[in-house]
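Structure first, then comments.
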2 protein chains.
Amino acid sequence: MELRIPTSTVRRLSDYYRVLEELELDATKTVSSQGLARQSGVTSAQVRKDLSYFGNFGKRGLGYNVAGLRREIRLILGLNRRWKVALVGGGNMGSALYSYKEFRRQGFDIVAVFDVSPNRVGQRWKDLVIAHLDRLPAEVDRLGIEIGVIAVPARAAQAVADRLVEAGVHGVLNFAHRKLFVPTTTTLRNVNLSLELEGLAFAIKARSARPARRVARRARAR
Amino acid sequence: MELRIPTSTVRRLSDYYRVLEELELDATKTVSSQGLARQSGVTSAQVRKDLSYFGNFGKRGLGYNVAGLRREIRLILGLNRRWKVALVGGGNMGSALYSYKEFRRQGFDIVAVFDVSPNRVGQRWKDLVIAHLDRLPAEVDRLGIEIGVIAVPARAAQAVADRLVEAGVHGVLNFAHRKLFVPTTTTLRNVNLSLELEGLAFAIKARSARPARRVARRARAR
DNA sequence: TGTTGTGAAGGCGTTCACAGCC
DNA sequence: GGCTGTGAACGCCTTCACAACA
(Lines give C-alpha, C1' and ligand atoms only; values in the text may rest on other atoms or scores of the structure.)
Protein backbone atom coordinates (compact mmCIF):
# COMPACT_ATOMS: atom_id res chain seq x y z
CA MET A 1 0.00 0.00 0.00
CA GLU A 2 3.11 2.24 -0.07
CA LEU A 3 2.21 3.30 -3.56
CA ARG A 4 2.55 6.53 -5.43
CA ILE A 5 -0.87 8.15 -5.79
CA PRO A 6 -1.70 9.90 -9.08
CA THR A 7 -2.50 13.58 -8.64
CA SER A 8 -5.65 13.02 -10.64
CA THR A 9 -6.80 10.50 -8.04
CA VAL A 10 -6.38 13.06 -5.28
CA ARG A 11 -8.38 15.60 -7.27
CA ARG A 12 -11.20 13.15 -7.81
CA LEU A 13 -11.21 12.32 -4.12
CA SER A 14 -12.14 15.96 -3.52
CA ASP A 15 -15.00 15.56 -5.98
CA TYR A 16 -16.24 12.39 -4.30
CA TYR A 17 -16.06 14.15 -0.98
CA ARG A 18 -18.42 16.89 -2.19
CA VAL A 19 -20.87 14.36 -3.60
CA LEU A 20 -20.81 12.42 -0.35
CA GLU A 21 -21.44 15.64 1.54
CA GLU A 22 -24.62 16.18 -0.45
CA LEU A 23 -25.70 12.57 -0.16
CA GLU A 24 -25.33 12.82 3.58
CA LEU A 25 -27.48 15.96 3.62
CA ASP A 26 -30.09 13.97 1.69
CA ALA A 27 -29.88 11.34 4.44
CA THR A 28 -28.68 8.74 1.94
CA LYS A 29 -27.09 5.90 3.85
CA THR A 30 -25.39 3.89 1.14
CA VAL A 31 -23.99 4.52 -2.32
CA SER A 32 -22.51 2.25 -4.99
CA SER A 33 -19.42 3.06 -7.00
CA GLN A 34 -21.78 3.54 -9.90
CA GLY A 35 -23.92 6.07 -8.05
CA LEU A 36 -20.86 7.97 -6.93
CA ALA A 37 -19.46 7.78 -10.45
CA ARG A 38 -22.55 9.19 -12.10
CA GLN A 39 -22.63 12.20 -9.86
CA SER A 40 -18.90 12.80 -10.18
CA GLY A 41 -18.73 12.45 -13.94
CA VAL A 42 -16.37 9.47 -14.03
CA THR A 43 -16.67 5.70 -14.48
CA SER A 44 -17.48 3.33 -11.64
CA ALA A 45 -14.22 1.46 -12.19
CA GLN A 46 -12.39 4.74 -11.70
CA VAL A 47 -14.12 5.29 -8.38
CA ARG A 48 -13.26 1.82 -7.13
CA LYS A 49 -9.67 2.06 -8.32
CA ASP A 50 -9.19 5.46 -6.72
CA LEU A 51 -10.53 4.28 -3.39
CA SER A 52 -8.56 1.04 -3.53
CA TYR A 53 -5.31 3.00 -3.24
CA PHE A 54 -6.27 3.78 0.34
CA GLY A 55 -8.14 0.76 1.62
CA ASN A 56 -11.23 -1.42 1.33
CA PHE A 57 -14.08 0.85 2.24
CA GLY A 58 -16.97 -0.90 0.49
CA LYS A 59 -19.10 -3.98 1.08
CA ARG A 60 -19.58 -6.31 -1.87
CA GLY A 61 -23.16 -6.44 -3.00
CA LEU A 62 -23.97 -3.33 -0.98
CA GLY A 63 -21.74 -0.43 -1.84
CA TYR A 64 -20.23 2.19 0.45
CA ASN A 65 -21.54 3.65 3.67
CA VAL A 66 -21.92 7.34 2.87
CA ALA A 67 -20.95 8.76 6.24
CA GLY A 68 -18.15 6.25 6.70
CA LEU A 69 -16.60 6.81 3.31
CA ARG A 70 -16.85 10.52 3.74
CA ARG A 71 -14.96 10.27 7.03
CA GLU A 72 -12.26 8.17 5.39
CA ILE A 73 -11.77 10.68 2.58
CA ARG A 74 -11.69 13.52 5.06
CA LEU A 75 -8.81 11.77 6.80
CA ILE A 76 -7.01 10.99 3.55
CA LEU A 77 -7.19 14.59 2.34
CA GLY A 78 -6.24 15.97 5.73
CA LEU A 79 -9.53 17.80 6.14
CA ASN A 80 -9.95 16.56 9.69
CA ARG A 81 -7.77 19.42 10.89
CA ARG A 82 -7.32 23.09 10.09
CA TRP A 83 -4.48 24.46 7.98
CA LYS A 84 -2.82 27.84 8.41
CA VAL A 85 -2.24 29.78 5.23
CA ALA A 86 -0.16 32.85 4.45
CA LEU A 87 -1.37 35.07 1.64
CA VAL A 88 1.25 37.12 -0.19
CA GLY A 89 -0.11 39.99 -2.24
CA GLY A 90 -2.77 42.45 -1.15
CA GLY A 91 -3.99 43.56 -4.58
CA ASN A 92 -7.20 42.67 -6.37
CA MET A 93 -6.56 38.97 -6.48
CA GLY A 94 -5.28 38.78 -2.93
CA SER A 95 -8.23 40.65 -1.54
CA ALA A 96 -10.65 38.42 -3.43
CA LEU A 97 -8.97 35.31 -2.08
CA TYR A 98 -9.03 36.72 1.41
CA SER A 99 -12.77 37.23 1.29
CA TYR A 100 -13.45 33.86 -0.35
CA LYS A 101 -15.40 32.14 2.40
CA GLU A 102 -15.15 28.66 0.98
CA PHE A 103 -11.51 28.36 2.10
CA ARG A 104 -12.40 28.71 5.74
CA ARG A 105 -15.31 26.35 5.31
CA GLN A 106 -12.94 23.67 4.01
CA GLY A 107 -10.49 24.12 6.86
CA PHE A 108 -8.00 26.61 5.44
CA ASP A 109 -7.45 29.76 7.50
CA ILE A 110 -5.61 32.72 6.06
CA VAL A 111 -3.86 33.86 9.21
CA ALA A 112 -1.47 36.41 7.73
CA VAL A 113 -1.27 38.68 4.69
CA PHE A 114 1.96 40.13 3.33
CA ASP A 115 2.85 42.78 0.78
CA VAL A 116 5.73 45.14 0.06
CA SER A 117 3.87 48.23 -1.10
CA PRO A 118 3.95 51.01 1.54
CA ASN A 119 0.33 51.77 0.58
CA ARG A 120 -0.77 48.34 1.66
CA VAL A 121 1.49 47.41 4.56
CA GLY A 122 -0.31 48.41 7.74
CA GLN A 123 -3.74 48.34 6.11
CA ARG A 124 -6.37 46.66 8.25
CA TRP A 125 -8.28 43.73 6.67
CA LYS A 126 -11.04 42.53 8.96
CA ASP A 127 -9.24 40.87 11.87
CA LEU A 128 -5.68 41.27 10.67
CA VAL A 129 -3.20 43.84 9.43
CA ILE A 130 -1.11 43.50 6.27
CA ALA A 131 2.51 42.93 7.22
CA HIS A 132 5.66 43.63 5.25
CA LEU A 133 7.00 40.63 3.38
CA ASP A 134 10.18 40.85 5.44
CA ARG A 135 8.21 39.61 8.40
CA LEU A 136 7.31 36.38 6.59
CA PRO A 137 9.84 34.04 8.26
CA ALA A 138 9.00 35.29 11.74
CA GLU A 139 5.26 34.95 11.22
CA VAL A 140 5.44 31.55 9.54
CA ASP A 141 7.38 30.38 12.52
CA ARG A 142 5.26 32.07 15.16
CA LEU A 143 1.89 31.02 13.71
CA GLY A 144 2.88 27.62 12.37
CA ILE A 145 1.96 28.39 8.76
CA GLU A 146 2.30 25.48 6.34
CA ILE A 147 0.82 26.80 3.10
CA GLY A 148 1.56 29.95 1.13
CA VAL A 149 -0.62 31.55 -1.53
CA ILE A 150 1.05 33.76 -4.13
CA ALA A 151 -1.08 36.57 -5.53
CA VAL A 152 1.53 39.04 -6.70
CA PRO A 153 2.50 40.32 -10.16
CA ALA A 154 4.25 37.80 -12.39
CA ARG A 155 7.69 39.38 -12.13
CA ALA A 156 7.72 39.16 -8.33
CA ALA A 157 6.33 35.64 -8.08
CA GLN A 158 9.52 33.57 -8.18
CA ALA A 159 11.17 35.68 -5.50
CA VAL A 160 8.12 35.31 -3.29
CA ALA A 161 8.12 31.55 -3.85
CA ASP A 162 11.77 31.42 -2.83
CA ARG A 163 11.03 33.34 0.35
CA LEU A 164 8.06 31.14 1.21
CA VAL A 165 10.17 28.03 0.83
CA GLU A 166 12.98 29.62 2.79
CA ALA A 167 10.52 30.49 5.55
CA GLY A 168 9.59 26.84 5.86
CA VAL A 169 6.27 26.58 4.04
CA HIS A 170 5.69 23.16 2.45
CA GLY A 171 2.89 23.90 0.03
CA VAL A 172 2.54 26.79 -2.42
CA LEU A 173 -0.51 27.79 -4.41
CA ASN A 174 0.48 30.12 -7.22
CA PHE A 175 -1.94 32.52 -8.90
CA ALA A 176 0.73 34.48 -10.70
CA HIS A 177 0.96 34.41 -14.42
CA ARG A 178 4.31 32.68 -14.42
CA LYS A 179 5.85 29.23 -14.18
CA LEU A 180 7.53 28.80 -10.79
CA PHE A 181 10.27 26.51 -9.61
CA VAL A 182 10.45 25.16 -6.08
CA PRO A 183 12.60 22.44 -4.48
CA THR A 184 11.22 18.90 -4.41
CA THR A 185 10.55 19.20 -0.71
CA THR A 186 7.81 21.70 -1.46
CA THR A 187 4.58 21.00 -3.33
CA LEU A 188 3.44 23.52 -5.91
CA ARG A 189 0.01 23.95 -7.47
CA ASN A 190 -0.84 26.54 -10.06
CA VAL A 191 -4.02 28.39 -10.90
CA ASN A 192 -3.72 30.44 -14.05
CA LEU A 193 -6.97 32.08 -14.99
CA SER A 194 -5.89 33.47 -18.35
CA LEU A 195 -4.61 30.07 -19.35
CA GLU A 196 -8.03 28.55 -18.78
CA LEU A 197 -9.68 31.15 -20.98
CA GLU A 198 -7.04 30.58 -23.63
CA GLY A 199 -7.88 26.87 -23.54
CA LEU A 200 -11.52 27.71 -24.14
CA ALA A 201 -10.65 30.04 -26.99
CA PHE A 202 -8.56 27.32 -28.60
CA ALA A 203 -11.34 24.75 -28.31
CA ILE A 204 -13.98 27.09 -29.69
CA LYS A 205 -11.74 28.06 -32.56
CA ALA A 206 -10.85 24.45 -33.31
CA ARG A 207 -14.48 23.37 -33.22
CA SER A 208 -15.71 26.04 -35.55
CA ALA A 209 -12.93 25.14 -37.98
CA ARG A 210 -14.25 21.57 -38.26
CA PRO A 211 -17.71 21.44 -36.68
CA ALA A 212 -19.10 18.54 -34.68
CA ARG A 213 -16.15 16.28 -34.30
CA ARG A 214 -15.28 15.94 -30.64
CA VAL A 215 -16.25 12.94 -28.59
CA ALA A 216 -18.25 12.96 -25.39
CA ARG A 217 -16.65 14.91 -22.61
CA ARG A 218 -19.12 13.69 -20.05
CA ALA A 219 -17.93 10.32 -18.84
CA ARG A 220 -20.75 7.91 -18.31
CA ALA A 221 -20.98 5.50 -15.41
CA ARG A 222 -21.27 1.90 -16.46
CA MET B 1 -2.34 17.28 -39.32
CA GLU B 2 -6.02 16.59 -38.52
CA LEU B 3 -4.98 15.25 -35.18
CA ARG B 4 -6.50 15.45 -31.74
CA ILE B 5 -4.43 17.82 -29.60
CA PRO B 6 -3.88 16.90 -25.94
CA THR B 7 -5.23 19.49 -23.53
CA SER B 8 -1.86 19.48 -21.81
CA THR B 9 -0.24 20.58 -25.05
CA VAL B 10 -2.59 23.56 -25.32
CA ARG B 11 -1.81 24.52 -21.73
CA ARG B 12 1.91 24.37 -22.38
CA LEU B 13 1.48 26.49 -25.49
CA SER B 14 0.22 29.24 -23.20
CA ASP B 15 3.37 28.85 -21.11
CA TYR B 16 5.61 29.02 -24.15
CA TYR B 17 3.75 32.10 -25.28
CA ARG B 18 4.55 33.89 -22.02
CA VAL B 19 8.21 32.92 -22.21
CA LEU B 20 8.40 34.12 -25.79
CA GLU B 21 6.80 37.39 -24.73
CA GLU B 22 9.61 37.95 -22.26
CA LEU B 23 12.30 36.88 -24.69
CA GLU B 24 10.97 39.38 -27.18
CA LEU B 25 11.12 42.13 -24.56
CA ASP B 26 14.74 41.15 -23.98
CA ALA B 27 15.26 41.58 -27.74
CA THR B 28 16.23 37.93 -28.09
CA LYS B 29 15.97 36.96 -31.73
CA THR B 30 16.24 33.19 -31.61
CA VAL B 31 15.60 30.41 -29.13
CA SER B 32 16.22 26.66 -29.18
CA SER B 33 13.73 24.09 -27.96
CA GLN B 34 16.11 23.58 -25.08
CA GLY B 35 16.10 27.24 -24.14
CA LEU B 36 12.33 27.38 -24.30
CA ALA B 37 12.12 24.16 -22.34
CA ARG B 38 14.33 25.36 -19.53
CA GLN B 39 12.27 28.47 -18.97
CA SER B 40 8.98 26.61 -19.20
CA GLY B 41 9.95 23.76 -16.90
CA VAL B 42 9.57 20.94 -19.42
CA THR B 43 11.89 18.87 -21.63
CA SER B 44 13.10 20.02 -25.02
CA ALA B 45 11.51 16.99 -26.68
CA GLN B 46 8.21 18.05 -25.18
CA VAL B 47 8.54 21.51 -26.70
CA ARG B 48 9.32 20.12 -30.14
CA LYS B 49 6.53 17.57 -29.99
CA ASP B 50 4.00 20.16 -28.86
CA LEU B 51 4.91 22.53 -31.65
CA SER B 52 5.00 19.75 -34.23
CA TYR B 53 1.25 19.25 -33.84
CA PHE B 54 0.77 22.58 -35.53
CA GLY B 55 3.57 22.92 -38.05
CA ASN B 56 7.29 23.22 -38.62
CA PHE B 57 8.24 26.49 -37.06
CA GLY B 58 11.92 25.91 -36.40
CA LYS B 59 15.10 25.87 -38.43
CA ARG B 60 17.41 22.89 -37.92
CA GLY B 61 20.71 23.93 -36.46
CA LEU B 62 19.30 27.31 -35.49
CA GLY B 63 16.18 27.07 -33.40
CA TYR B 64 13.04 29.16 -33.51
CA ASN B 65 12.58 32.78 -34.41
CA VAL B 66 11.18 34.33 -31.24
CA ALA B 67 8.83 36.85 -32.82
CA GLY B 68 7.72 34.42 -35.50
CA LEU B 69 6.97 31.57 -33.12
CA ARG B 70 5.13 33.90 -30.83
CA ARG B 71 2.96 35.04 -33.72
CA GLU B 72 2.23 31.42 -34.64
CA ILE B 73 1.18 30.53 -31.10
CA ARG B 74 -0.94 33.63 -30.89
CA LEU B 75 -2.82 32.42 -33.96
CA ILE B 76 -3.12 28.87 -32.66
CA LEU B 77 -4.55 29.97 -29.33
CA GLY B 78 -6.85 32.49 -30.94
CA LEU B 79 -5.19 35.42 -29.21
CA ASN B 80 -5.07 37.44 -32.41
CA ARG B 81 -8.64 38.57 -31.79
CA ARG B 82 -10.76 39.66 -28.84
CA TRP B 83 -13.30 37.41 -27.13
CA LYS B 84 -16.51 38.53 -25.51
CA VAL B 85 -17.24 37.04 -22.14
CA ALA B 86 -20.39 36.95 -20.00
CA LEU B 87 -19.88 36.79 -16.26
CA VAL B 88 -22.66 35.20 -14.22
CA GLY B 89 -22.58 35.96 -10.52
CA GLY B 90 -21.93 39.34 -8.95
CA GLY B 91 -20.70 38.20 -5.55
CA ASN B 92 -17.18 38.21 -4.15
CA MET B 93 -15.74 35.94 -6.78
CA GLY B 94 -17.54 37.59 -9.64
CA SER B 95 -16.43 41.04 -8.61
CA ALA B 96 -12.84 39.87 -8.26
CA LEU B 97 -12.91 38.35 -11.71
CA TYR B 98 -14.44 41.48 -13.15
CA SER B 99 -11.61 43.61 -11.84
CA TYR B 100 -8.91 41.14 -12.83
CA LYS B 101 -7.05 43.16 -15.43
CA GLU B 102 -5.10 40.28 -16.89
CA PHE B 103 -8.19 39.02 -18.74
CA ARG B 104 -8.49 42.16 -20.79
CA ARG B 105 -4.76 42.19 -21.41
CA GLN B 106 -5.01 38.70 -22.92
CA GLY B 107 -7.92 39.60 -25.15
CA PHE B 108 -10.93 38.59 -23.08
CA ASP B 109 -13.52 41.31 -22.47
CA ILE B 110 -16.25 40.86 -19.88
CA VAL B 111 -19.02 42.68 -21.70
CA ALA B 112 -21.97 41.69 -19.52
CA VAL B 113 -22.58 40.66 -15.91
CA PHE B 114 -25.66 38.76 -14.74
CA ASP B 115 -27.19 37.89 -11.40
CA VAL B 116 -30.60 37.06 -9.98
CA SER B 117 -30.41 38.82 -6.62
CA PRO B 118 -32.56 42.00 -6.55
CA ASN B 119 -29.78 43.61 -4.52
CA ARG B 120 -27.34 43.19 -7.34
CA VAL B 121 -29.38 43.53 -10.52
CA GLY B 122 -29.22 47.15 -11.59
CA GLN B 123 -25.98 47.79 -9.70
CA ARG B 124 -23.44 49.80 -11.70
CA TRP B 125 -19.99 48.23 -12.15
CA LYS B 126 -17.63 50.62 -13.90
CA ASP B 127 -18.93 50.85 -17.44
CA LEU B 128 -21.78 48.36 -17.21
CA VAL B 129 -24.86 47.51 -15.18
CA ILE B 130 -25.63 44.08 -13.73
CA ALA B 131 -28.53 42.54 -15.65
CA HIS B 132 -30.98 39.88 -14.57
CA LEU B 133 -30.06 36.38 -15.66
CA ASP B 134 -33.26 36.23 -17.68
CA ARG B 135 -31.69 38.67 -20.11
CA LEU B 136 -28.84 36.27 -20.85
CA PRO B 137 -30.09 34.91 -24.20
CA ALA B 138 -30.89 38.35 -25.55
CA GLU B 139 -27.53 39.79 -24.53
CA VAL B 140 -25.49 36.82 -25.73
CA ASP B 141 -27.17 37.27 -29.06
CA ARG B 142 -26.94 41.03 -29.19
CA LEU B 143 -23.30 41.28 -28.11
CA GLY B 144 -22.00 38.12 -29.75
CA ILE B 145 -20.80 36.54 -26.53
CA GLU B 146 -18.97 33.24 -26.92
CA ILE B 147 -17.67 32.46 -23.43
CA GLY B 148 -19.47 32.31 -20.09
CA VAL B 149 -17.88 32.46 -16.65
CA ILE B 150 -19.79 30.91 -13.75
CA ALA B 151 -19.17 32.49 -10.36
CA VAL B 152 -22.34 31.56 -8.49
CA PRO B 153 -22.95 29.33 -5.44
CA ALA B 154 -22.54 25.60 -6.05
CA ARG B 155 -26.22 24.76 -5.98
CA ALA B 156 -27.07 27.24 -8.74
CA ALA B 157 -24.14 26.36 -10.99
CA GLN B 158 -25.63 23.57 -13.10
CA ALA B 159 -28.74 25.60 -13.90
CA VAL B 160 -26.58 28.54 -14.95
CA ALA B 161 -24.48 26.26 -17.13
CA ASP B 162 -27.62 24.96 -18.81
CA ARG B 163 -28.79 28.48 -19.50
CA LEU B 164 -25.43 29.55 -20.89
CA VAL B 165 -25.42 26.59 -23.26
CA GLU B 166 -29.02 27.25 -24.20
CA ALA B 167 -28.13 30.87 -24.91
CA GLY B 168 -25.51 29.73 -27.39
CA VAL B 169 -22.23 30.13 -25.52
CA HIS B 170 -19.59 27.62 -26.64
CA GLY B 171 -17.11 27.81 -23.79
CA VAL B 172 -17.77 27.77 -20.05
CA LEU B 173 -15.32 28.53 -17.27
CA ASN B 174 -16.67 27.24 -13.96
CA PHE B 175 -15.55 28.58 -10.60
CA ALA B 176 -18.33 26.93 -8.64
CA HIS B 177 -17.54 24.23 -6.18
CA ARG B 178 -19.40 21.59 -8.15
CA LYS B 179 -18.91 19.21 -11.07
CA LEU B 180 -20.87 20.43 -14.08
CA PHE B 181 -22.19 18.64 -17.14
CA VAL B 182 -22.48 20.28 -20.53
CA PRO B 183 -23.17 18.86 -24.00
CA THR B 184 -20.22 17.84 -26.13
CA THR B 185 -20.71 20.88 -28.33
CA THR B 186 -19.61 23.08 -25.44
CA THR B 187 -16.17 23.16 -23.87
CA LEU B 188 -15.94 23.26 -20.09
CA ARG B 189 -12.99 24.22 -17.91
CA ASN B 190 -13.04 24.18 -14.15
CA VAL B 191 -11.20 26.21 -11.55
CA ASN B 192 -11.77 24.91 -8.06
CA LEU B 193 -9.74 26.79 -5.51
CA SER B 194 -10.54 24.60 -2.52
CA LEU B 195 -9.58 21.54 -4.47
CA GLU B 196 -6.11 22.97 -5.07
CA LEU B 197 -5.60 23.63 -1.38
CA GLU B 198 -6.83 20.15 -0.58
CA GLY B 199 -4.24 18.76 -2.97
CA LEU B 200 -1.54 20.68 -1.13
CA ALA B 201 -2.82 19.45 2.23
CA PHE B 202 -2.71 15.86 0.98
CA ALA B 203 0.83 16.23 -0.32
CA ILE B 204 2.10 17.87 2.86
CA LYS B 205 0.45 15.21 4.97
CA ALA B 206 1.79 12.38 2.80
CA ARG B 207 5.30 13.81 2.88
CA SER B 208 5.47 14.23 6.60
CA ALA B 209 4.29 10.64 7.01
CA ARG B 210 7.31 9.35 5.07
CA PRO B 211 9.83 12.19 4.72
CA ALA B 212 11.96 12.87 1.65
CA ARG B 213 10.62 10.44 -0.88
CA ARG B 214 9.24 12.31 -3.85
CA VAL B 215 11.14 12.67 -7.08
CA ALA B 216 12.03 15.92 -8.75
CA ARG B 217 9.03 17.98 -9.76
CA ARG B 218 11.13 20.39 -11.78
CA ALA B 219 11.71 18.86 -15.17
CA ARG B 220 15.13 19.52 -16.55
CA ALA B 221 15.84 20.32 -20.17
CA ARG B 222 18.15 17.87 -21.84
C1' DT C 1 -28.08 -11.20 -7.30
C1' DG C 2 -25.52 -7.06 -6.69
C1' DT C 3 -21.39 -4.84 -6.06
C1' DT C 4 -16.57 -4.53 -4.65
C1' DG C 5 -11.56 -5.00 -5.37
C1' DT C 6 -8.00 -5.87 -8.56
C1' DG C 7 -4.77 -8.06 -12.05
C1' DA C 8 -4.51 -7.54 -16.92
C1' DA C 9 -5.24 -5.01 -21.09
C1' DG C 10 -5.55 -0.81 -23.34
C1' DG C 11 -4.78 3.95 -24.55
C1' DC C 12 -2.65 8.15 -24.45
C1' DG C 13 0.82 11.45 -23.47
C1' DT C 14 5.90 11.73 -22.69
C1' DT C 15 10.53 10.61 -23.64
C1' DC C 16 14.01 8.60 -26.51
C1' DA C 17 16.98 8.56 -30.16
C1' DC C 18 18.24 9.52 -34.57
C1' DA C 19 17.58 10.86 -39.51
C1' DG C 20 17.40 15.08 -41.83
C1' DC C 21 18.66 19.62 -42.60
C1' DC C 22 20.92 24.25 -41.73
C1' DG D 1 28.39 20.76 -35.30
C1' DG D 2 23.97 22.12 -33.82
C1' DC D 3 19.23 21.65 -33.61
C1' DT D 4 14.68 20.29 -35.38
C1' DG D 5 11.00 16.98 -36.39
C1' DT D 6 9.23 12.49 -35.59
C1' DG D 7 8.49 7.32 -35.43
C1' DA D 8 9.19 4.07 -31.86
C1' DA D 9 9.58 2.81 -27.10
C1' DC D 10 8.10 3.66 -22.72
C1' DG D 11 5.32 4.51 -18.64
C1' DC D 12 1.44 5.80 -16.32
C1' DC D 13 -3.34 6.27 -15.76
C1' DT D 14 -7.80 4.42 -17.16
C1' DT D 15 -10.80 0.81 -18.40
C1' DC D 16 -11.99 -3.95 -18.63
C1' DA D 17 -13.53 -8.05 -16.87
C1' DC D 18 -14.05 -11.26 -13.47
C1' DA D 19 -13.17 -13.69 -9.02
C1' DA D 20 -14.58 -12.91 -4.40
C1' DC D 21 -18.02 -12.19 -1.41
C1' DA D 22 -22.20 -9.92 1.23
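The values are calculated or read from the model by the stated rules, or taken from the named source; none is laboratory data. Worth saying up front: this structure is predicted, and the values here are computed from it rather than measured. For neighbour counting, all protein chains shown are included, and Cβ atoms are generated from backbone atoms with ideal geometry for every residue, glycine included.
Within segment B:93-120, work out how many residues are more than 11 Å from chain A (Cβ to nearest Cβ), of a type in the set (S, T, N, Q) and more than 15 Å from B:A156 (Cβ to Cβ).
Within segment B:93-120, residues that are more than 11 Å from chain A (Cβ to nearest Cβ), of a type in the set (S, T, N, Q) and more than 15 Å from B:A156 (Cβ to Cβ) number 1.
Look at A:D127 and say whether it is outside the structural domain of A:V47 (by TED's automatic domain parsing), charged (D, E, K, R) and surrounded by 14 or more Cβ atoms within 10 Å (Cβ to Cβ).
Working: outside the structural domain of A:V47 (by TED's automatic domain parsing): yes; charged (D, E, K, R): yes; surrounded by 14 or more Cβ atoms within 10 Å (Cβ to Cβ): no.
Spelling it out, it is not the case that A:D127 is outside the structural domain of A:V47 (by TED's automatic domain parsing), charged (D, E, K, R) and surrounded by 14 or more Cβ atoms within 10 Å (Cβ to Cβ).
Taking the stated definitions as given, is A:S44 near DNA strand C (Cβ under 7 Å from one of its atoms) and of a type in the set (S, T, Y)? Steps first, answer last, please.
Numbers: near DNA strand C (Cβ under 7 Å from one of its atoms): yes; of a type in the set (S, T, Y): yes.
Judged against the criteria, A:S44 is a match.
Looking at B:D26 and the list (1) more than 24 Å from the chain's Cα centre (by Cα); (2) surrounded by 17 or more Cβ atoms within 10 Å (Cβ to Cβ); (3) more than 12 Å from DNA strand C (Cβ to nearest atom), which single condition is not satisfied?
Going through (1) more than 24 Å from the chain's Cα centre (by Cα); (2) surrounded by 17 or more Cβ atoms within 10 Å (Cβ to Cβ); (3) more than 12 Å from DNA strand C (Cβ to nearest atom) one by one, B:D26 breaks only (2).
Is it the case that some residue within segment A:78-87 is closer than 30 Å to A:G148 by Cα, out of contact with any helix residue (DSSP H, G or I) (no Cβ under 8 Å at 6 or more places or on another chain) and more than 16 Å from DNA strand D (Cβ to nearest atom)? Quick ask: steps written out before the conclusion?
Here is the first cut: in segment A:78-87, the ones closer than 30 Å to A:G148 by Cα are A:78-87.
Imposing the further condition that a residue be out of contact with any helix residue (DSSP H, G or I) (no Cβ under 8 Å at 6 or more places or on another chain) reduces the set to A:81-82.
Those left that are additionally more than 16 Å from DNA strand D (Cβ to nearest atom): A:81-82.
The answer is yes; a qualifying residue exists.
Counting only residues that are surrounded by 20 or more Cβ atoms within 10 Å (Cβ to Cβ) and over 22 Å from the mean Cα position of the chain (by Cα), which one in segment B:29-41 is farthest from DNA strand C (Cβ to nearest atom)?
That would be B:V31.
Being among the aliphatic types (A, V, I, L, M) and within 30 Å of B:V169 (Cβ to Cβ) narrows it down to one of A:A157, A:A161, A:A176, A:A167, so name that one. Before you say what the answer is, go through the steps one by one.
Working: A:A157 fails: within 30 Å of B:V169 (Cβ to Cβ); A:A161 fails: within 30 Å of B:V169 (Cβ to Cβ); A:A167 fails: within 30 Å of B:V169 (Cβ to Cβ).
One residue alone meets the criteria, A:A176.
Here is a list of conditions, (1) of a type in the set (A, V, I, L, M, F, W, C); (2) within 14 Å of chain A (Cβ to nearest Cβ); (3) within 11 Å of DNA strand C (Cβ to nearest atom), and B:I76 meets all of them except one; can you say which number that is?
With (1) of a type in the set (A, V, I, L, M, F, W, C); (2) within 14 Å of chain A (Cβ to nearest Cβ); (3) within 11 Å of DNA strand C (Cβ to nearest atom) applied to B:I76, the lone miss is (3).
Which of the residues that make up segment B:42-77 are hydrophobic (A, V, I, L, M, F, W, C), surrounded by 16 or more Cβ atoms within 10 Å (Cβ to Cβ) and more than 10 Å from DNA strand D (Cβ to nearest atom)?
Of everything in segment B:42-77, those that are hydrophobic (A, V, I, L, M, F, W, C), surrounded by 16 or more Cβ atoms within 10 Å (Cβ to Cβ) and more than 10 Å from DNA strand D (Cβ to nearest atom) turn out to be B:V42, B:V66, B:I73, B:I76, B:L77.
Could you tell me which residue of segment B:153-202 is nearest to the chain's Cα centre (by Cα), considering only residues that are closer than 20 Å to A:E102 by Cα and small (G, A, S)?
Keep residues of segment B:153-202 that are closer than 20 Å to A:E102 by Cα, which gives B:153-158, B:160, B:173-180, B:189-202.
Filter again for small (G, A, S), leaving B:154, B:156-157, B:176, B:194, B:199, B:201.
Details: B:A154: 20, B:A156: 22, B:A157: 19, B:A176: 15, B:S194: 18, B:G199: 20, B:A201: 24 Å.
The qualifying residue nearest to the chain's Cα centre (by Cα) is B:A176.
Do the conditions hold for A:R70, that is, is it modelled with pLDDT under 95 and of a type in the set (D, E, K, R)?
Numbers: modelled with pLDDT under 95: no; of a type in the set (D, E, K, R): yes.
In short, no.
Of all residues in segment B:1-12, which are closer than 18 Å to B:T43 by Cβ and facing chain A (nearest Cβ under 8 Å)?
Keep residues of segment B:1-12 that are closer than 18 Å to B:T43 by Cβ, which gives B:6, B:8-12.
Hits for segment B:1-12 are B:V10, B:R11.
Residues in segment B:66-96 that are in contact with a Ser or Thr (Cβ under 6 Å, 6 or more places away or on another chain) and farther than 30 Å from A:Y100 by Cβ: how many? Don't jump to the end; show me each part of the working.
Residues of segment B:66-96 in contact with a Ser or Thr (Cβ under 6 Å, 6 or more places away or on another chain): B:66, B:92.
Adding the requirement that they be farther than 30 Å from A:Y100 by Cβ leaves B:66.
Result for segment B:66-96: 1.
Restricting to segment A:148-205, what's the tally of residues that are in a helix (DSSP H, G or I), of a type outside the set (A, V, I, L, M, F, W, C) and within 7 Å of chain B (Cβ to nearest Cβ)? Outline the logic, then answer.
Residues of segment A:148-205 in a helix (DSSP H, G or I): A:154-167, A:193-205.
Still in the running and of a type outside the set (A, V, I, L, M, F, W, C): A:155, A:158, A:162-163, A:166, A:194, A:196, A:198-199, A:205.
Going one step further and asking which of them are within 7 Å of chain B (Cβ to nearest Cβ), we end up with A:194, A:196, A:198-199, A:205.
Residues meeting the conditions: 5.
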